[in-house]
Amino acid sequence: MEFKDEFIKIIKNTTVYNLSKITGIERTRLQRIKKGERLPSDEELEKICLALNLSDDDKNKLLTVRQIGIIGEDRYNSRRLSMQFISDLSEIYSDSKSGEPKPKLCPEPKLDSMVLVCDSAEDSARSVSSVIYSELRRGSGIKIYSDAADTRLFDIISRATDGARGNIEHLITFIPSSGEYEPYCRNIEAIKKIYSLFLNNKLYFPKYLYSPVNSHALFPYSIITDRYYIILSEGMDNAILICNSEAADCARSFFEQRWSRSRKFIQNAESLADYIRLYRAEELISSSESTVVYSLEPEPALAAFLTEGMISEALNREYRGSDAMLEKIFKALLGQYFKSKKRIVFPESGIDGFLQTGIISELPKGLLLPLKPNDRRRIMNRLITAAKEGKSIFPMLAKGDKLKFGWNIRFYGNDNGKGVFLLLARDKSSMSLMALNEGGLSAPFCDFMQSLEENDCVYSVAETIKILERKTSEFFL
């Protein structure tokens, strides 16, 4: 619905003349709004809502259609999807810890010949699930080629991996999105499925390619094991299962050619060297002084304000003697913080947690022992001073009733639409890198981050500074 339609519906029998008298807005301006020739300004919309004594629901409807009129429906929907996405990622991580039982699967299908044809979606799903389940349990590695458009295959993989001994190499093709909502929505749904599989299955290894067009192949999905070569139609309505090792070997060679040209989608950081790689990925996003970086973090860039003395005193004994690695870690951290203007969105729990524990979650787990209270105070004061100077660090506290995200998520993106997610791995508090730069996956999320302040989802920098000062003062009373 366009703004003019909602506007006419809400003003009902009020004439433009009377509305002009009540609001003080010129009749010609109101007439143009009613005809759909222009949108009201923020001030005009507020006057109209007050004059008509609109309910919160009616006011929100006007605000929504006006926002859509300004930025377009695809961009509006993408921003809403991004907000839901970060909430969903937190729930996926929580669900992965619950250990919910997986449903029982049918036994491996019995083939009367080397080929089994499934001509319904139900038969295809049942047969494919059973083959994957039985092959993984006998230790056979499985190679899967699919695209991000249909997430049902992800569900089949999830159900079939209970008790698996073989690993899954999953090559996913993404179709680049250039701002349209539908491709972005499809890619986001695939990312959620991949993250869930990654958390729940240690032997799941996803990689990705980008394809500029939808696949026009009759059977665009493939599954390869030691014994089977399975092809599935788009939508998984039909499947052909070929039980022949020579056919499987041939298909495997084609798969491995593509696998060698693909990129890791998500991978754990399990060593200091891995963390250096992650920090450098962030540093690349902050590579230009003219770049504005938007980050979503559990806490507001606290590692940037550590001193050499603090690090030396709190360094865990097992890392002593790793001076070269430590220098690279902190060099990369400082590089990402002070090369560009960084607008950092974080939850209140991030500050409370640091003040109470003295642990900085951005660093590898166990690298530093909990900081002493006096060092926590110094870090907070240095953060507040840097925020007041307004040169590189711009902290913005999330409003908990409008923006919710878990401590397992960090996002770094810039105003050029490049970014990466860092997501918490399952068994340790180690981060995992999820690349989002290509294919339009990152640009819509960067746009969402840029919209948070104007949509009143975060406190302003000035408001945030006051809250940080208050919390620091109260804690150290």
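You will find that of 448, 421, the residue that is aromatic (Phe, Trp, Tyr), assigned to a helix (DSSP H, G or I) and either at pLDDT 90 or above or surrounded by 15 or more Cβ atoms within 10 Å (Cβ to Cβ) (or both) is 448 and no other. Number of residues in the stretch 11-26 that are within 46 Å of the chain's Cα centre (by Cα), modelled with pLDDT of 90 or more and not aliphatic (A, V, I, L, M): the value is 4.
Considering each residue of the stretch 244-303, count those that are in a helix (DSSP H, G or I), of a type outside the set (Lys, Arg) and not assigned by TED's automatic domain parsing to the domain that holds residue 365, and give that number.
Number of matching residues: 14.
Scanning the stretch 344-357 turns up one or more residues that are within 12 Å of residue 461 (Cβ to Cβ) and outside any helix (DSSP H, G or I).
For the structure I just gave you, tell me whether residue 20 is surrounded by fewer than 18 Cβ atoms within 10 Å (Cβ to Cβ) and either outside any helix (DSSP H, G or I) or free of Cβ contacts under 8 Å to residues at least 40 places away in the same chain (or both). Against the criterion (surrounded by fewer than 18 Cβ atoms within 10 Å (Cβ to Cβ) and either outside any helix (DSSP H, G or I) or free of Cβ contacts under 8 Å to residues at least 40 places away in the same chain (or both)), residue 20 qualifies. Enumerate the pairs (first residue in the stretch 378-404 and closer than 12 Å to residue 348 by Cα; second residue anywhere and crowded, with 19+ Cβ neighbours inside 10 Å and charged (D, E, K, R)) with beta-carbon separation below 8 Å, excluding pairs fewer than 6 apart on the same chain, so at least 6 apart or on different chains. Pairs found: 396/343. One residue alone among 190, 251 is of a type outside the set (Ser, Thr, Tyr) and over 22 Å from residue 423 (Cα atoms), and that residue is 251. Among the residues of the stretch 39-59, those that are of a type outside the set (Ser, Thr, Tyr) and surrounded by fewer than 16 Cβ atoms within 10 Å (Cβ to Cβ) comprise 42, 43, 46, 50, 53, 56, 57, 58.
Pairs linking a residue in the stretch 155-167 that is outside the structural domain of residue 124 (by TED's automatic domain parsing) and more than 13 Å from residue 194 (Cα to Cα) to a residue that is modelled with pLDDT of 85 or more and assigned to a loop (DSSP other than H, G, I, E, B), with Cβ atoms under 6 Å and 6 or more positions apart or on different chains, do not occur.
Would you check if residue 94 is among the polar types (S, T, N, Q) and surrounded by 17 or more Cβ atoms within 10 Å (Cβ to Cβ)? When the stated conditions are applied, residue 94 does not pass them. Note on the stretch 133-165: residues that are part of a loop (DSSP other than H, G, I, E, B) and under 20 Å from residue 210 (Cα atoms) total 4. Taken over the stretch 283-314, residues that are surrounded by fewer than 20 Cβ atoms within 10 Å (Cβ to Cβ) and in contact with a Leu (Cβ under 6 Å, 6 or more places away or on another chain) amount to 1. Would you confirm whether any residue within the stretch 385-394 is surrounded by fewer than 18 Cβ atoms within 10 Å (Cβ to Cβ), of a type outside the set (Asp, Glu) and either in a helix (DSSP H, G or I) or outside the structural domain of residue 423 (by TED's automatic domain parsing) (or both)? Taking every residue of the stretch 385-394 in turn, at least one turns out to be surrounded by fewer than 18 Cβ atoms within 10 Å (Cβ to Cβ), of a type outside the set (Asp, Glu) and either in a helix (DSSP H, G or I) or outside the structural domain of residue 423 (by TED's automatic domain parsing) (or both).
Look at the stretch 111-140: where a residue is in the same structural domain as residue 238 (by TED's automatic domain parsing) and within 12 Å of residue 161 (Cα to Cα) and a partner is of a type outside the set (Lys, Arg) and assigned to a helix (DSSP H, G or I), sitting 6+ places away or on another chain with Cβ atoms under 6 Å, you get 129/156; 129/160; 132/160; 133/160.
Given the condition of a type outside the set (Val, Ile, Thr), in a helix (DSSP H, G or I), surrounded by fewer than 17 Cβ atoms within 10 Å (Cβ to Cβ) and free of Cβ contacts under 8 Å to residues at least 12 places away in the same chain, answer yes or no: does some residue in the stretch 62-74 qualify? No; the residues of the stretch 62-74 include none that is of a type outside the set (Val, Ile, Thr), in a helix (DSSP H, G or I), surrounded by fewer than 17 Cβ atoms within 10 Å (Cβ to Cβ) and free of Cβ contacts under 8 Å to residues at least 12 places away in the same chain.
The values are calculated or read from the model by the stated rules, or taken from the named source; none is laboratory data. No experiment lies behind these values; they were computed from the predicted model shown. All Cβ positions, glycine included, derive from the backbone under ideal geometry; neighbour counts span all protein chains shown.
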